Amino acid sequence: MKTSTNNRAQPVDRGAAIYKALWHAIIEQALQPGAKLPEDAIGEKFGASRTIVRSALTRLAAEGLVELRRNRGAAVATPSWNEARDIFDVRLGLERLVVARLAGRLSREQIKVLKMHVDAEEEAHGSNAPLSIRLATAFHIKLAEMTGNPVLARYVSEVASRCGLILARYSRPHSSECAVSEHRAIIEVLASGDSARATVLMDQHLNAVADRALIVPLPQKERDIKDILSPYVFEAAVAEKAAKPRRR
């Protein structure tokens, strides 16, 4: 009976691992807006069925990162300029709620975790641009998760991820990373308990990120989907293995 349960759980784990790998590839801008996402090629690369790949793509589509186009297959979403500005406005409102909830309420352990995360951002900055971009986005998601409000965390995760997609399409070269110093300043003011100042800093920070965007889309390079996903296959395998229940 235990074996049967484990067998049923494995496809779910595989789908979650593929979802996360594709999420990383999109946020790190390896998969650019408009890039085609053929189920057969992705399934072959990750050693998964088209059904499992479709499930991961559907989840990404629900978060606004993928477009499921009838009779044309899936592709990385391509936000319009007007939509981009609207998404940043929504993000601004959500992250104001985040700092209002966190100011003066962060534990020492949470502050330590945030500082370690920004240290990783600083280490990646200038040497690993894709990782730097992903960590910058993850910083805001981590803040939202620390509020203890799963609904708020979910919405911040979605809009922050979509903002990363917007920057991939519209940002100036080398401008898509959030400033590490701005993240450090936000941590310090949250730890001090100054909610008003935290709101001001977060507004300034997110407005600066939005201002890095250009109206003219950046030129896109055609690359084979399998080549793009190669670095993410091992990551998915590790995530899947970690998610599987251990047999006793």
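Quick notes
- Looking only at residues of region 89-136 that are within 20 Å of the chain's Cα centre (by Cα) and not in a helix (DSSP H, G or I), we find that the one that is surrounded by the most Cβ atoms within 10 Å (Cβ to Cβ) is 125.
- Picking from residues in region 22-46 that are open to solvent by 50 Å² or more (accessible area, probe 1.4 Å) and touching a residue at least 60 places away in the same chain (Cβ under 8 Å), the one that is nearest to the chain's Cα centre (by Cα) is 36.
- When 196, 191 are checked against the criterion of being modelled with pLDDT of 95 or more, open to solvent by 60 Å² or more (accessible area, probe 1.4 Å) and either small (Gly, Ala, Ser) or closer than 22 Å to residue 23 by Cβ (or both), a single residue qualifies: 196.
- Tally of residues being among the aliphatic types (A, V, I, L, M), open to solvent by 20 Å² or more (accessible area, probe 1.4 Å) and in contact (Cβ under 8 Å) with a residue 12 or more places away in the chain across region 49-83: 2
- Residue check for residue 240: buried (at least 17 other Cβ atoms within 10 Å of the Cβ), assigned to a helix (DSSP H, G or I) and modelled with pLDDT of 80 or more: no
The values are calculated or read from the model by the stated rules, or taken from the named source; none is laboratory data. Computed from a predicted structure; not experimentally measured. Cβ: placed from backbone, ideal geometry, glycine included. Neighbour counts: every protein chain shown. Heavy atoms of the whole protein, side chains included, go into the accessibility calculation; ligands, DNA and RNA do not. Shrake-Rupley method; radii C 1.70, N 1.55, O 1.52, S 1.80 Å.
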